[in-house]
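Let me begin by handing over the structure; questions about it come next.
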Amino acid sequence: MNVYSVGHQIYQVVDGNLEFVVEILKRSCTCRKWDLDEIPCSHACAAIRKANLCHYTYVSDFYMKDVFVSTYNGIIHPVGSQKFWDIPDIVKDHVVLPPIVRRRAGRPKKKRIPSAGEKRRQIKCGRCNENGHNRKRCRNAIHVKMKSMKRLKSCVRPH
């Protein structure tokens, strides 16, 4: 990664073919990872290193141990049984229905969309034992064993 200073605390980071603008004071990068996670992305880290600053000071306070501990410091009161809940009449009378879902036009998809870590199974030919095709599409030469040749000769009768 190449880092170029554009202005006061503004850097241009070139990562391969991609270019990103990092503004250290605003704590933002054009890749938006720093804006969303509030943890400096790799481009921001390169710009912070170029400015001779500490990376840890640019991480949000929400990730610090003291803030995390103070989140669960108070008492969490149990809710109790549902039959003792005091629900207002306005809420009781309001009926929430499921959304109206219309069937989409056209034939439904037969092919399932695989999940992220799932790998597709490779097709293996039952005739030549190679991957990438099946018995119907096999174009390889058939290797006949000698035992099967003898069996074929005994089945064929002269006219």
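List, in order, the whole-Hz ³J(HN,Hα) value for each residue of segment 113-119 obtained from phi through the Karplus relation with A = 6.51, B = -1.76, C = 1.60 and θ = phi - 60°; use x for Gly and Pro.
Result, rounded to whole Hz: 7, x, 6, 4, x, 7, 10.
P(r) tail for the chain, what percent of Cα pairs lie past 18 Å? If you can, show how the numbers build up before the last one.
Numbers: 10163 of 12561 pairs.
Result: 81 percent of Cα pairs exceed 18 Å.
Give, as a single signed number, the net charge of other residues whose beta carbon lies under 13 Å from the beta carbon of Arg135, with Lys and Arg counted +1 and Asp and Glu -1.
Numbers: positive: Lys124, Arg127, Lys136, Arg137, Arg139; negative: Glu130.
Here the charged neighbours net out to +4.
Nothing charged except the Cβ atoms of Lys and Arg (+1) and of Asp and Glu (-1): what's the magnitude of the dipole of segment 2-66 about its Cα centre? Round to the nearest 20 debye. Please list the in-between numbers first.
Values: 7 positive and 8 negative charges, 28 e Å.
With only Lys, Arg, Asp and Glu charged at Cβ, the dipole is about 140 debye.
Could you work out the helix-only [θ] at 222 nm for the chain, with each DSSP H run of four or more residues adding -39,500 (n - 2.57) and the total divided by the number of residues, to the nearest 500 deg cm²/dmol? Intermediate values should be presented prior to the final figure.
Values: 5 runs with 36 residues, N = 159.
So the helix-based figure for the chain works out to -6000 deg cm²/dmol.
With charges only on Cβ, +1 for K and R and -1 for D and E, what is the dipole size of the chain about its Cα centre, in debye, rounded to 20?
Working: 32 positive and 13 negative charges, 693 e Å.
The calculated dipole for the chain is roughly 3320 debye.
Bear in mind that the values in this text are calculations on the coordinates, not laboratory data. Small disclaimer: the values here were computed from a predicted structure and weren't measured. No Cβ is skipped: glycine too gets one built from the backbone with ideal geometry, and neighbour counts run over all protein chains shown.
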